[in-house]
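Please treat every number below as a calculation from the coordinates, not as lab data. Just so we're clear, the structure is a prediction, and the values are computed from it rather than from any experiment. Neighbour counts are summed over all protein chains in view; Cβ atoms, including those assigned to glycine, are modelled from backbone coordinates with ideal geometry.
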Amino acid sequence: MSSASNVVTIEGNEAAARVAYKVSEVIAIYPITPSSGMGEMADEWAANDLPNIWGTVPLVAEMQSEGGAAGAVHGSLQTGALTTTFTASQGLLLMLPNMFKIAGELTSAVFHVSARSVSAQALSIFGDHSDVMAARSTGWGLLASASIQEIHDLALIATAATLEARIPFIHFFDGFRSSHEVMKINEIDDETIRGMIDNEMVRAHKARALSPDNPVMRGTAQNPDVFFQARETVNPYYAACPGIVQNAMDRFSELTGRSYHLFDYVGPEDADRVIVIMASGAETVEETVHYLNETADEKVGVLKVRLFRPFSMEHFTAALPSTVKKISVLDRTKEPGSLGEPLYQDIVTAIVQGFSTGIVPFSEMPVITGGRYGLSSKEFTPAMVKSIFDEMTNDTPKNNFTVGIHDDLSGSSLEWDHSFSTEPDDVFRGLFYGLGADGTVGANKNSIKIIGEETDNFAQGYFVYDSKKAGSTTVSHLRFGKNPIHSTYLIDKANFIAIHQEQFFEKFEPLAKAVPGAILLINTTKPIDQVWDSLPRTTQEQVIEKGIDVWAIDAYEVAKANKMGARINTIMQTCFFAISGILPREEAIQKIKNTIKKTYGLKGEAVVEQNYAAVDNTLVNLHQVEVGDTVTSTLERKPIVPDHAPEFVKNVTAEIIAGRGDDLPTSLLPADGTYPLSTTRWEKRNIAMEVPVWDTEVCIQCNKCVMLCPHATIRAKVYDPKHLEGAPETFKSTPVTGRGFPEGWLYTLQVAVEDCTGCGVCVDICPAKNKAEPKLKAVNMEPQQPIREAEAANWEHFLGIDDYDRTALKTHLVKESQLLEPLFEFSGACAGCGETPYVKLLTQLFGDRTIIANATGCSSIWGGNLPTTPYAANKQGRGPAWSNSLFEDNAEFGFGMRLANDKQNEYAKELVSRLEAEIGQELADEILNADQSDETGIDAQRKRIAKVKEILAGSASSTATQLLTVADYLVKRSIWIVGGDGWAYDIGYGGLDHVLASGRNVNVLVLDTEVYSNTGGQASKATPRGAVAKFAAAGKPLPKKDLGMISMTYGNIYVAQVAMGANDTQCLKAFLEADAYPGPALIIAYSHCIAHGVDMTTGMTHQKAAVNSGHWPLYRYDPILREQDKNPFQLDSKAPSIPFEEYAYKETRFKVLTKTKPERAKMLLKEAQEDVDRKWESYEKLAGVVAKKEED
Amino acid sequence: MDLKTSYMGLNLSNPLVPGASPLTADVESCKQLEDAGAAALVLPSLFQEQIMHESEELSRRMLEGTESFPEALTYFPNFEEGFIGPESYLEHIRKVKEAVDIPVIASLNGITTGGWVDYSQLMVQAGADAIELNIYFLATGTEMTSGAIETIYSSILQETKLAMKKPIAVKIGPYFSALANMAKRLDDDGADAIVLFNRFYQPDIDLETLEVKPDLVMSTQYANRTSLRWIAILRGQIGASLAASQGIHTHEDVLKMIMAGADITQMTGSLLTNGNSYLSTVLENLTRWMEEKEYESLEQMKGCLCMKSVADPAAFERANYMKTLYSW
């Protein structure tokens, strides 16, 4: 590594963004995982006035979708600015139409793409090439980077080349594996960038710009006479492009010493087998090639494809050794139905064409096979590479193979030897298991920076997260060594393992991946002399067998003493340096302190001091554990799910929960992406340290806690005392209060302690206080561990109690509505989530007859991410049917569902009429004229349908068969279109507007968190003025869009704005009215969010401040009222009683601006108050309040 | 009329000084107060505890949920500039100093020795003409003795005094067993002024919610009697300047305090209620009264009714109940 260069330890996204920013004048952005980080950084740099290489700050603009970003890029390019964007997956697909135009107009541009799976049977945020391969036909160049250094370098090479070639480029690298891998690299300085960017070419780009001073037409419509020829005019540019790219690479090499070619071959000159591959997998193949050639006397090589398009046969054939007999081409994508994947097809074409024209160096036509690997970031390891090389030794090697999975359906997969490893002994390989909340990843990122930037070591970090937002587990994979690291795969053989949470021992065997002589570091609350005995049997066995050194610390105790709560990051990081020996102890501690200052300095001295103190207090609390000679433990891990779980859950879900999903064969997975409901109930996550405990004496049975619980873990039942039979001793009940319930019946409030997240919302909102000790309420938080077993048994008993008869409940009352069974439970949302209570309520009220169209976003992740999903069926087997189409099309998706239901309902009615004779006139009339406006009516209709089915069961008539197929559509169905504000206000707004205007009976629930929550809090048009968000780092300068008011202008749309924490009754009314309204209905639901920087425990009570300040007025606009000569607009909240500031400055998103830009904060606060005042005034007018006041 | 007064070495044109409050939190308001005749300004207190709390709280909230979920590894932008510290307060000092010509006194409530000293120095560097140490300890622990509390006051002052040359006032509460002794001790430790007295938030109980709620009730005129008494007692017993705080509503209150021995009077509540321009009314009334009574200067009346000067010094020592009895 050059000493003159600036060494930085950064992730792939930053490596790309740093260059892209420096060579751009305009950047259009839109968030999408895993590329969001690039846009975020560009926005932050612009907010901090960082100039590009021409000394001016690029203009960074967030758009409403990737389609919008591409349009803005196109316009900007056409008008002469050097312009870029960042995207991935579906985002790139939305850009395709513009990309055809940009390339067709020979426009210089580079898009930086962190390549990601395109949704098929499921969405996946992880990496493969299915997105960039879908862009092959656009005419854009495709340049692939394999490592973080390459991302940095090729980002510049692509920009230099596009300016000369006039072919736009997709510069891509693997999502997550490269975009999120942290690696020590040489940073390119501005001087080098200027050396690469030819200002003459920049001027030429600008000279082609549309200008009224030199007007031209571009983008005409052409006819059959000339379109074809005109399309062929670009050929010379494509022919010249590869040479231009290579020239740029050569120029780059002269400036930096880092050399690249369109196709880089690594291996012996006389190799007989070669793998052709692009992007990060090439690094692993290279590592394996070196290992096999050195240790196994093989002659294998790898050809790394950098410039995939335009494909240069000349450069490709020149790069291959003439001795090659077999070639295996690996694609990280799947094209179902094709003869092979794209890279394979191009390589085959190139060799066949080359062979026929004699320009290839081979005497014989080599055998060429193609295979798929690494879809959606599936692991791709040296063992798999070896299995491919081994397969190539066969006379007829398998073609169209897969590697990395077990395909027992089609037999495509190659087997591999899991024990094979190429990892050199001199590389430190550490695995750190932590929780998201404990800061493990952040600490490890700091460790990489320390080791990468302050020692000669090369450093690499990669981080694996689970798909839950609360209580999620993280695994950090850290490598350090004296030589460059090419291992683009997870650590499977670790010489250091840290367990930052002792409960992990209950879930998996962490030492399975330990090498002999490894070090194990444990954070445990056990006294040091009890640590050994506290380990499970299998762990003790591994420790003894592998001679593992065990160290332990009670990091929570140290954190507590230093007021750091659950964040044990600094403490565990200090332990790591203290026992790993990577750096001398004292030096390491000083460096940790320096990093603390850098990391936390901005947040103030208090946090810095706390961390310093934690470092100082760590070493005295770190002890080596005395390891026994024999296994003493009898602790065994419990089965992942109980034996009575459904087969699918046992065979598939449990395996995924256990972390063995990689081993599931194709035959066990649904082919069409269809999964059963009710699976979260089997995943007893036990993530809460404290859980609510019910006090029967204090409780007033209001059921508010049941309604506002975001996780459906606290539930109420009213029941016949006979259900107490067989109840566990600790099962609590009390006589039910309130009118209408049968005399002598009981009430129980039960907590699912193993599913609870411990968010504390229930305690916060509980209105009942213990009169003798007012700090206690009807529910109070207590440690979970001591009551876990008893309460788990109580929960089981509770579930067995009959639910109260739905038809007998007054569901417009909060108390009674909360006796309805939730068909949404234990989601993976953040603890204290503001969105999930609304969805839970929806399922309680209508879940047994609902279909949900769910926009991509938080709600599709906590609602639909494997391994377990929260939507559930009731005892009758009914429940919400749920699907996610895309981010942008959710309204239309739900609309289609409505059309299908309406049509089939209509058809079923026609059939009932036709079959009146068989069914009986009375029953037919009842069915056709059924009043299904309440639970009783729906229940009656269900019974009628059952009767019809019974009558027609034996009928041979085709009409009867037809009716039996569609009879269920005769029961009223509620179609709910659910999504966040990013969807409703921005990317999906056009479709939403159209669907709302259609008049069809759809219900739209907008979970308005006022940011793109799922991708990390980027500003949307729902973000209020003055709030800081990503893409609005300086505070959003414009007000929130009033989606409700816009929708009300149609006059026939039911619109409600609700905030459950502020007014649960109004919220309940709105849901019931929306469902009852026979046309389109829109509910905009205030959803506090972790991205607001609020205390999630008090999020619900904080909603009152949102309403009381006038930021979030509550209202319902019901067109039905107009028919009754009433004002359809009902304002349900009172005039603002507190200033906007009082609400806003309880939230970090507003407050932080007073620290970063106090003057701007003051200005925006004033304007935000004016927004509130203006809005309230217009609402009052709409409600007739003003007129009424004047009358009075 | 010569209303000049000297307060901890600062030569002021009159004894009317707006006290630490929201009044002086805004530069424009500071200018209005100067225009209305304020002789100096005491800026609102910088609370070290608040900075520490904000630092901890913002850090906690910005870190919450981070590095947990692959699509949202953070929820806020990366800020490149430091923002949790006394910077905004220091900037306020700078701006007020630029905006007004009268002396500006910065007020500080620290919680660590380092905090008192460091922040005081930073305030002086930012342009403060003097520092008012707003010291407040509620000794709720049964093991904490009055002696220990007094020592804390004393050491904070000593440490701060050692670190800077600008004058230092100490604002105290009335709850000392031996207040005169405490004042003497602060005087000996180098206090340039003592401000009598601090006004604290007092807890109240909300009967609906069964919660305790801290509350600050605006001072009434009657609230100045404690200050009046102790200023009168201390005048002549210690060398430090004396500032009267609490319940200064009218020119008559000002006159009484000056006669009792105050060098300045700090007004807050009355200005918050009546607006900044009310200060000029008080000033005019003060001048008119003195002219009517044919005083030549403020100095002439300063301390004329302090305990040492009055005919019946015991009047300041008696409890009100006794006085009432005697009156009867």
- Query: Which value does Rg/Rh take for the range A:1010-1191 over its C-alpha atoms, Rh per Kirkwood?
  - Reply: 0.98
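Stick to the Cα atoms of the range A:846-992, pair each with every other, and give me the Kirkwood hydrodynamic radius in Å at one decimal.
Result for the range A:846-992, one decimal place: 16.9 Å.
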- Query: For the range A:935-1028, how big is the tail of P(r) above 24 Å, as a whole percent of Cα pairs?
  - Reply: 51 percent
- Message: If you take each beta carbon of peptide A:462-470 and count the beta carbons of other chains within 10 angstrom, what is the mean?
- Response: 3
- Query: Residues of B:48-60, mean number of Cβ from any other protein chain within 10 Å of their own Cβ, rounded to a whole number?
  - Reply: 6
- Normalised by the number of residues in chain A, what is the relative contact order in percent for Cα pairs under 8 Å and 6+ residues apart? 7 percent
- Message: Under the rule of at least 5 residues apart or a separate chain, name every residue whose amide H is placed under 5 Å from the amide H of A:A1056.
- Response: A:L1082, A:I1083, A:I1084, A:Y1117
- Query: How big, in percent, is the set of alpha carbon pairs in the range A:59-166 lying more than 21 Å apart?
  - Reply: 34 percent
- Note on the structure: Once normalised by the length of the range A:1052-1192, the mean sequence separation of its alpha carbon contacts under 8 Å that are 6 or more apart gives a contact order in percent of 22 percent
- Inverse mean reciprocal Cα-Cα distance (Kirkwood Rh) of the range A:343-465, Å: 18.4 Å
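Work out the mean other chain Cβ neighbour count within 10 Å for the residues of A:559-566 and drop it here as an integer.
Values: counts 0, 0, 0, 0, 2, 3, 3, 0.
Counting other chains' Cβ atoms within 10 Å and averaging over A:559-566 gives 1.
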- If you wrap a convex hull around the C-alpha atoms of the range A:1-55 and split its volume per residue, what is the figure in Å³? 94 Å³
- Quick one: what does P(r) look like for the range A:6-256 with 5 Å bins over all Cα pairs, in whole %? 1, 7, 14, 19, 21, 18, 11, 6, 3, 1, 0, 0
- Query: What helices in chain B pass both tests, a Cα length along the helix axis of 24 Å or more and a mean Kyte hydropathy of -0.5 or higher, using whole DSSP H runs?
  - Reply: B:146-163
- Taking only C-alpha pairs under 8 Å that are 6+ residues apart, what is the relative contact order of the range B:1-85 in percent? 20 percent
- Task: Would you compute, from DSSP H runs of 4+ residues alone, the mean residue ellipticity of chain B at 222 nm, taking -39500 (n - 2.57) per run and dividing by the full residue count, rounded to the nearest 500?
- Result: -12500 deg cm²/dmol
- Message: Please report the antiparallel percentage of the DSSP beta bridges confined to the protein assembly as shown, to the nearest 5.
- Response: 35 percent
- Query: Just how many % of Cα pairs in the range A:428-624 lie over 21 Å apart, if you round to the nearest whole percent?
  - Reply: 49 percent
- Task: For a quick protection proxy, order the peptides A:1015-1023, A:502-510 by their average other-Cβ count within 10 Å, most packed first.
- Result: A:1015-1023, A:502-510
- Quick one: give the max-minus-min coordinate of the C-alpha atoms of the protein assembly as shown along each principal axis, largest first, in Å. 125, 91, 87
- Message: I need the peptides A:544-554, A:617-627 ranked by packing, meaning the mean over residues of other C-beta atoms within 10 angstrom, with the highest value on top.
- Response: A:544-554, A:617-627
- Message: I'd like the Kirkwood hydrodynamic radius of the range A:583-707, using the inverse of the mean 1/r over distinct C-alpha pairs, in Å.
- Response: 21.3 Å
- Item | Normalised alpha carbon radius of gyration of the range B:162-246 [divisor 2.2 N^0.38 Å] | 1.34
- Query: Given only helices, namely DSSP H runs of n ≥ 4 each adding -39500 (n - 2.57), what is the per-residue ellipticity at 222 nm of chain A, to the nearest 500 deg cm²/dmol?
  - Reply: -11500 deg cm²/dmol
- Query: If you take the alpha carbon radius of gyration of the range A:263-414 and divide it by 2.2 N^0.38 Å, what ratio comes out, to two decimals?
  - Reply: 0.96
- Please give the peptides A:266-274, A:283-291, A:958-966 ranked by average Cβ packing (other Cβ atoms within 10 Å per residue), highest first, as a rough proxy for protection. A:283-291, A:266-274, A:958-966
- Just report the Cα centroid separation between the range A:1047-1068 and the range A:533-609, whole Å. 50 Å
